[in-house]
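Enquirer: Quick one: the structure is below, questions incoming.
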Amino acid sequence: MPKKKKPAPTDQLPLAPPASDLRVLSVQVRNILGLDERALDPQGRAVVLNGKNASGKSSLLAAVQAGLGGGSLAKLARVGAEHDPEVVLVLSGPGGEFRVEKKGDETARVLQRVGDSQAFKDVARPQQFLSGLFDPRMSNPVAWLLAKPKDQAVLLLEALPLEMDDGALAELLAEVHSHVRPVPAGLHPLEHLAMVRDQLFAARTGVNRDAKSKAQAAEQLRRELPAKAPADPGSAIVAAEDCAGGLAADLAREEEQTAAAEHEALRAAQAVHDEAAERVRADFKEFAGTRRAAHERRAAELRAGVERQIAEEAAALEKDIEENRASGEALMEEQARELRRGHESVAASRLEAEATLQGRRHALTEAREQLAGLREQADASARFQALDDQAGGFEEEAERHKAESARLTAAMERLDAFRRALAKDLPIPGLEIEGAEIRLDGIPLAQVNESRRVEVAAKVAQARAELNPLKVLFLDGLERLDTVHRTALLEYLVEHGIQAFGAVVTDGEPAVQYVGAVTAEVAGA
């Protein structure tokens, strides 16, 4: 294996002048994938490689891309080759002619022709030079056309660098900033704006839902309220309470007086009964004592003489005592009857007083029922006021939500205008990116006819390529487009100064087709 040539120290190499409008003049590859050795002579024109599968078309395109991209060629090495893979490209433009050499895993070497001589000098920092020439994003419009809609949107966003004024966006969202959460860093401006709009839309949906919920709650409460608000019976309640209180006090006083009169009557009757009973007992005791004393005296006089007479007189004595006892008991029975008559009189008086008290109680019951009705009316009035206040609160919240929804809608409209102003720099009028969908004049790109889609792909690729000093695209898989659209794509690119390297699978022998004429600049170089 030959020894690697050490490049000259960086500080001894001249920096290449800024490259502009470069074209690929020639391509040479060796030991690349299925190719032993192959050369192309584009002279700045578009190149279309025709041939069967595995004829080396894609390998040649990959080699050119690897040569322009720097890095190692190890992955492109031809199996079984004795030598390392190698790519040599010659580029030319107003800034001069450059030679790019890559071999194996060596660092790319870039040389610049010195004036009109045959000599070349090394360019300092060759990888930096190559990185500034070519951007692989959106370099194959055919692959972009055939990608899934989501992948198309991602590739398109990557291929369209837009600058967004973060300060202007923050000012635009100032009124609704509380609804906007930070979005991930590094997003494309259109993705950033789409994510912010989604947040505003979700917030507005939530606010509208809350507004609807509050309005429905208020409407439900209004339906539950009576047609007319109940009058507040506050003064009537006070008057009724005073009336009921007066009746209750009168009733209590009369009940107390009746009970006292009853007690006094019973006490008086009992006193009369007790006095009569005491008098009877005293009379009996006095009578019995007197007669026994007389008997004792008489017995003492007669005891010695006449025992029989004593017995007779004793019997007569006992008879008199018994008669006196019976007379006393009869008198006490009469007193008991008088006591019962007193009780009956008190009971009758009680009945008369109870009739009066019953009327009082009935009046008190009516007053209390009236007071209860007034209090129920007061409760109904309070409930009405509470429900009315609650419904009013719901209506106020609904109005606040509606106002917030209007602010969110206005913010979304400002955001849409901001996005439209930002998207005016897109290369095609009417081209929009909504999240993961690309639209053209409001129609999803997948539903646009193929001619328009090819035109979009060509214009986007052109716009991207024109940002680079080396305006080149790689169109592998061109056979996926029919002949008409394939020709239209190539002619459009050539017309707009874009150099293309394409590959088409055919049934014939490998062939190279050059599209476009050699420009004067390239021919002169």
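Enquirer: Against the definition (surrounded by 15 or more Cβ atoms within 10 Å (Cβ to Cβ) and farther than 30 Å from residue 273 by Cβ), how does residue 374 come out, yes or no?
Expert: The answer is yes for residue 374.
Enquirer: Given the options 217, 240, 276, 252, name the one that is surrounded by 15 or more Cβ atoms within 10 Å (Cβ to Cβ), under 30 Å from residue 347 (Cα atoms) and either small (Gly, Ala, Ser) or in contact (Cβ under 8 Å) with a residue 60 or more places away in the chain (or both).
Expert: Only one candidate passes the filter, namely 276.
Results for (1) among the aliphatic types (A, V, I, L, M); (2) free of Cβ contacts under 8 Å to residues at least 60 places away in the same chain; (3) open to solvent by less than 80 Å² (accessible area, probe 1.4 Å), shown as yes or no for each residue.
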| residue | (1), (2), (3) |
| --- | --- |
| 338 | no, no, no |
| 345 | no, no, yes |
| 364 | yes, no, yes |
| 378 | yes, no, yes |
| 385 | no, no, no |
| 392 | no, no, yes |
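Enquirer: For the range 63-112, which residues satisfy the criterion of being within 17 Å of residue 27 (Cβ to Cβ), outside any strand (DSSP E or B) and open to solvent by 50 Å² or more (accessible area, probe 1.4 Å)?
Expert: 65, 78
Enquirer: A follow-up question, please. From 311, 330, grab the single residue that is among the small types (Gly, Ala, Ser) and modelled with pLDDT under 80.
Expert: Result: 311 is the single residue among 311, 330 that is among the small types (Gly, Ala, Ser) and modelled with pLDDT under 80.
Enquirer: Looking at the range 466-496 only, could you name the residues that are touching a residue at least 60 places away in the same chain (Cβ under 8 Å) and small (Gly, Ala, Ser)? Before you say what the answer is, go through the steps one by one.
Expert: First, the residues of the range 466-496 that are touching a residue at least 60 places away in the same chain (Cβ under 8 Å): 467-478, 480-481, 489-490, 493-494.
Correct list: 477 only.
Enquirer: If you check residue 29 against the conditions, is it modelled with pLDDT of 85 or more, in contact with a Pro (Cβ under 8 Å, 6 or more places away or on another chain), outside any loop (DSSP other than H, G, I, E, B) and farther than 23 Å from residue 462 by Cα?
Expert: It is true that residue 29 is modelled with pLDDT of 85 or more, in contact with a Pro (Cβ under 8 Å, 6 or more places away or on another chain), outside any loop (DSSP other than H, G, I, E, B) and farther than 23 Å from residue 462 by Cα.
Enquirer: Being open to solvent by less than 40 Å² (accessible area, probe 1.4 Å) and either in a helix (DSSP H, G or I) or modelled with pLDDT of 70 or more (or both) is the filter here, so list the residues in the range 422-435 that pass it.
Expert: Once the filter is applied, which keeps residues that are open to solvent by less than 40 Å² (accessible area, probe 1.4 Å) and either in a helix (DSSP H, G or I) or modelled with pLDDT of 70 or more (or both), the range 422-435 yields 422, 423, 428, 430, 431, 433.
Enquirer: Only residues in the range 158-178 that are over 30 Å from residue 141 (Cα atoms) and modelled with pLDDT of 90 or more count as the first member; pair them with residues that are among the acidic types (Asp, Glu) and surrounded by 13 or more Cβ atoms within 10 Å (Cβ to Cβ), Cβ under 8 angstrom, at least 6 apart or cross-chain, and list the lot.
Expert: Listed by first residue and then by second, the contacts come to nothing, as the list is empty.
Enquirer: Could you check the range 347-359 and list, in sequence order, the residues that are open to solvent by less than 90 Å² (accessible area, probe 1.4 Å) and either of a type in the set (Ser, Thr, Tyr) or under 16 Å from residue 253 (Cα atoms) (or both)?
Expert: Across the range 347-359, the qualifying residues are 349, 350, 353, 354, 355, 356, 357, 359.
Enquirer: Which one is farthest from residue 392 (Cα to Cα), of the residues in the range 220-233 that are touching a residue at least 24 places away in the same chain (Cβ under 8 Å) and surrounded by fewer than 12 Cβ atoms within 10 Å (Cβ to Cβ)? Working first, answer last.
Expert: We begin by selecting, within the range 220-233, every residue touching a residue at least 24 places away in the same chain (Cβ under 8 Å); these are 221-222, 224-226, 229-233.
The next check asks that each one be surrounded by fewer than 12 Cβ atoms within 10 Å (Cβ to Cβ); those that pass are 224, 226, 231.
Details: 224: 14, 226: 15, 231: 20 Å.
Among those residues, the one meeting the criterion is 231.
Enquirer: Output yes when any residue across the range 409-421 is modelled with pLDDT of 85 or more, in contact with a Ser or Thr (Cβ under 9 Å, 6 or more places away or on another chain) and surrounded by 15 or more Cβ atoms within 10 Å (Cβ to Cβ), and no when none is.
Expert: Within the range 409-421, not a single residue is modelled with pLDDT of 85 or more, in contact with a Ser or Thr (Cβ under 9 Å, 6 or more places away or on another chain) and surrounded by 15 or more Cβ atoms within 10 Å (Cβ to Cβ).
Enquirer: May I pose another question? Restricting to the range 228-263, give me the number of residues that are of a type in the set (Val, Ile, Thr) and more than 28 Å from residue 342 (Cβ to Cβ). Before the answer, list the steps.
Expert: As a first pass, look at the range 228-263 and keep what is of a type in the set (Val, Ile, Thr): 237-238, 258.
Okay, now just the ones that are also more than 28 Å from residue 342 (Cβ to Cβ), so 237-238.
Residues flagged as of a type in the set (Val, Ile, Thr) and more than 28 Å from residue 342 (Cβ to Cβ) within the range 228-263 amount to 2.
Enquirer: Only one residue in 455, 479, 466 is of a type in the set (Asp, Glu), modelled with pLDDT of 85 or more and more than 21 Å from residue 150 (Cβ to Cβ). Which one? Outline the logic, then answer.
Expert: Working: 455 fails: modelled with pLDDT of 85 or more; 466 fails: modelled with pLDDT of 85 or more.
When all the criteria are applied, what remains is 479.
Rundown of residues vs (1) more than 30 Å from residue 380 (Cβ to Cβ); (2) touching a His at 6+ places or on another chain (Cβ under 9 Å); (3) modelled with pLDDT of 90 or more, yes/no style:
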{"site": "183", "(1), (2), (3)": "yes, yes, no"}
{"site": "186", "(1), (2), (3)": "yes, no, no"}
{"site": "192", "(1), (2), (3)": "yes, no, no"}
{"site": "202", "(1), (2), (3)": "yes, yes, yes"}
{"site": "208", "(1), (2), (3)": "yes, yes, yes"}
{"site": "218", "(1), (2), (3)": "no, no, no"}
{"site": "222", "(1), (2), (3)": "no, no, no"}
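Enquirer: Got at least one residue in the range 287-299 being part of a helix (DSSP H, G or I), over 60 Å from the mean Cα position of the chain (by Cα), in contact (Cβ under 8 Å) with a residue 60 or more places away in the chain and surrounded by 12 or more Cβ atoms within 10 Å (Cβ to Cβ)?
Expert: Among the residues of the range 287-299, not one is part of a helix (DSSP H, G or I), over 60 Å from the mean Cα position of the chain (by Cα), in contact (Cβ under 8 Å) with a residue 60 or more places away in the chain and surrounded by 12 or more Cβ atoms within 10 Å (Cβ to Cβ), which makes the answer no.
Enquirer: Continuing with this model, one more query. Quick one: in the range 223-236, of everything that is within 26 Å of residue 390 (Cα to Cα) and of a type in the set (A, V, I, L, M), which residue is farthest from the chain's Cα centre (by Cα)?
Expert: So the residue we want is 231.
Enquirer: Okay, next question. For residue 417, are the conditions met, namely being in contact with a helix residue (DSSP H, G or I) (Cβ under 6 Å, 6 or more places away or on another chain) and either outside any loop (DSSP other than H, G, I, E, B) or closer than 30 Å to residue 53 by Cβ (or both)? Before the answer, list the steps.
Expert: Numbers: in contact with a helix residue (DSSP H, G or I) (Cβ under 6 Å, 6 or more places away or on another chain): no; either outside any loop (DSSP other than H, G, I, E, B) or closer than 30 Å to residue 53 by Cβ (or both): yes.
Taking the combined requirement at face value, the residue does not satisfy it.
Enquirer: Moving on. Taking the range 262-291, which residues are modelled with pLDDT of 80 or more and either closer than 30 Å to residue 368 by Cα or of a type in the set (Ser, Thr, Tyr) (or both)?
Expert: 290
Enquirer: A further question on this structure: Looking only at the range 262-272, which residues are in contact with a Lys or Arg (Cβ under 9 Å, 6 or more places away or on another chain) and either open to solvent by 50 Å² or more (accessible area, probe 1.4 Å) or basic (Lys, Arg) (or both)? Steps first, answer last, please.
Expert: Residues of the range 262-272 that are in contact with a Lys or Arg (Cβ under 9 Å, 6 or more places away or on another chain), as a first pass: 262, 269.
262, the sole residue that qualifies.
The values are calculated or read from the model by the stated rules, or taken from the named source; none is laboratory data. Predicted model, so just to flag it, every value in this text is computed and none were measured. All Cβ positions, glycine included, derive from the backbone under ideal geometry; neighbour counts span all protein chains shown. Surface areas here come from the heavy atoms of the whole protein model, side chains and all, with no ligands, DNA or RNA. Shrake-Rupley method; radii C 1.70, N 1.55, O 1.52, S 1.80 Å.
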